[in-house]
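Reading through the structure tokens given below for one structure.
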Amino acid sequence: TNGREAMLKLLLGMARSLYRLQTEYRPGNWQIVAAQSLYHTGVSFPEFKESETWRQKALELLKEHAEKDFFADGGHGERCWGYGHMSLGSMANFYKIAARHKALDAAADVYWQSFLKRGYQWFAASTAPGGYVLNYGDGGIGPSDGIIAEAIELFPDLAKGPGLLGIDRSRSNILRPSGYAFMRGGDEADAPFMSINFGHWGGGHTHQDLLDFSIWRFG
């Protein structure tokens, strides 16, 4: 009993602190993570008198981030693969929590599904041969397998193809809103590949990486 009471007091204090910090929309991954956590607490513990206020505030902020922090092609505004996935993944966690608690109406469910699919397809369109995320900005080269698996777990229909999450990776493509172009000679691991970064600066995590490029060959 004492342990449960202490845990609930800790959760209550954390949620109140998170709520006090979310006075207004601020761009970037950190507030998305905070709002997702606030929503999770609010929807999971309706016994707290403030839970509905937390939930509504978090939902308002997450919707604002979906509309302001992400480009029309699904890329995240900080223009960095690592923090982009942190932001999209937190949005996905919010959606899974809301769906589990049956907290979304039909229109909201369609909205969030469309938003998340577009975000995951951005990763499918922007990774190098062999499925590697690029190291622009505050990130490093690494496999995208976990991101793709996350998308398929959430949306099994994306596994049916054609292509990777419905994206044809055998052809060159341009993600004009987020500011990247990709020249491909196929989707095999050893296929030639070049990326060009022509977008705008997206804050500190972008680094001074504008107008640079990467070239891959022989895997």
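The values are calculated or read from the model by the stated rules, or taken from the named source; none is laboratory data. Just so it is clear, the model here is predicted, and its values are computed rather than measured. Every residue, glycine as well, gets a Cβ built from its backbone with ideal geometry; the counts of neighbours run over all protein chains shown. Calculation scope for accessible area: heavy atoms of the full protein, side chains included, ligands and nucleic acids excluded. Shrake-Rupley method; radii C 1.70, N 1.55, O 1.52, S 1.80 Å.
Taking every pair of alpha-carbon atoms in the stretch 88-160, what share in percent sits in each 5 Å bin, from 0 to the bin with the longest distance?
Reading the bins upward from 0: 3, 15, 24, 23, 16, 10, 6, 3.
From the phi of every residue in the stretch 173-180, what ³J(HN,Hα) in whole Hz does the Karplus formula 6.51 cos²θ - 1.76 cosθ + 1.60 yield, where θ is phi - 60° and glycine or proline is x?
8, 10, 9, 5, x, 8, x, 9
Note the full-extension length gain between T53 and S17 as 0.36 nm times their separation in residues minus their Cα-Cα distance, in nm to one decimal. Provide the component values of the computation, followed by the final result.
Numbers: separation 36, 0.36 × 36 = 12.96 nm, distance 1.32 nm.
Taking 0.36 nm per residue and subtracting the Cα distance, the gain is 11.6 nm.
With a point put 7 Å past each Cα toward its Cβ, work out how far A159 is from L8 in nm, to one decimal.
A separation of 4.0 nm, rounded to one decimal place.
Over the stretch 46-196, what relative contact order in percent results from Cα pairs under 8 Å that are six or more residues apart?
Numbers: 181 pairs, mean separation 31.8, N = 151.
Reported as a whole number, the value is 21 percent.
Leaving out ligands and nucleic acids, note down the accessible area per residue over the stretch 109-180 with a 1.4 angstrom probe, in whole Å².
Details: 3240 Å² over 72 residues.
Per residue, the stretch 109-180 has an accessible area of 45 Å².
Tell me, what ³J(HN,Hα) does each residue in the stretch 25-40 have, in order and in whole Hz, if you take phi through Karplus 6.51 cos²θ - 1.76 cosθ + 1.60 with θ = phi - 60° and put x for Gly and Pro?
Whole-Hz 3J(HN,Hα) from phi for the stretch 25-40: 5, 9, x, x, 5, 4, 6, 4, 4, 5, 5, 4, 5, 5, 4, 4.
Quick one: Karplus J couplings for the stretch 145-152, per residue in order, coefficients 6.51, -1.76, 1.60, θ = phi - 60°, nearest Hz, x for Gly and Pro?
Ordered by residue, 3J(HN,Hα) equals 3, x, 5, 5, 5, 4, 5, 5 Hz.
Give the separation of the Cα centroids, the stretch 52-70 to the stretch 90-163, in Å.
Value for the Cα centre distance between the two parts: 19 Å.
How much length is gained on full extension from A149 to Q208, taking 0.36 nm per residue of separation minus their Cα-Cα distance?
Gain on stretching A149 to Q208: 18.1 nm.
May I ask you to derive the FRET efficiency for D190 and N93 from their Cβ-Cβ distance with R0 = 30 Å, giving the value to the nearest 0.05?
0.25
Computed over the Cα atoms of the chain, what is the convex hull's projected area averaged over all directions, in nm²?
13.2 nm²
Can you tell me the orientation of helix 2-21 relative to the chain, as the angle in degrees between its alpha-carbon axis and the longest Cα principal axis, to the nearest 10?
On a 0 to 90 degree scale, this one is about 60.
Using a Förster distance of 41 Å, how high is the FRET efficiency between R171 and E24, based on the Cβ-Cβ distance and rounded to 0.05? Walk me through the intermediate numbers first.
Numbers: r = 42 Å, r/R0 = 1.03.
Approximately 0.45, to the nearest 0.05.
Go through K102/K160; K57/K117; K9/K49; K68/K160; K63/K96 and tell me which ones have a Cα-Cα distance over 21 Å in this structure.
K102/K160; K57/K117; K68/K160
Per the 1.4 Å probe, what fraction of the accessible area of the stretch 133-219, in percent, lies on carbon and sulfur atoms?
That fraction is 58 percent.
In degrees between 0 and 90, to the nearest 10, how far off the longest principal axis of the chain does helix 51-68 point, with axes built from Cα atoms?
Between the helix axis and the principal axis of the chain, the angle is about 20 degrees.
Going from most exposed to least, what order do S44, S90 have by accessible area with a 1.4 Å probe?
These residues rank, largest area first, as S44, S90.
Let me know the Rg and Dmax you get for the stretch 2-119 when you use only its Cα atoms, in Å.
14.5, 50
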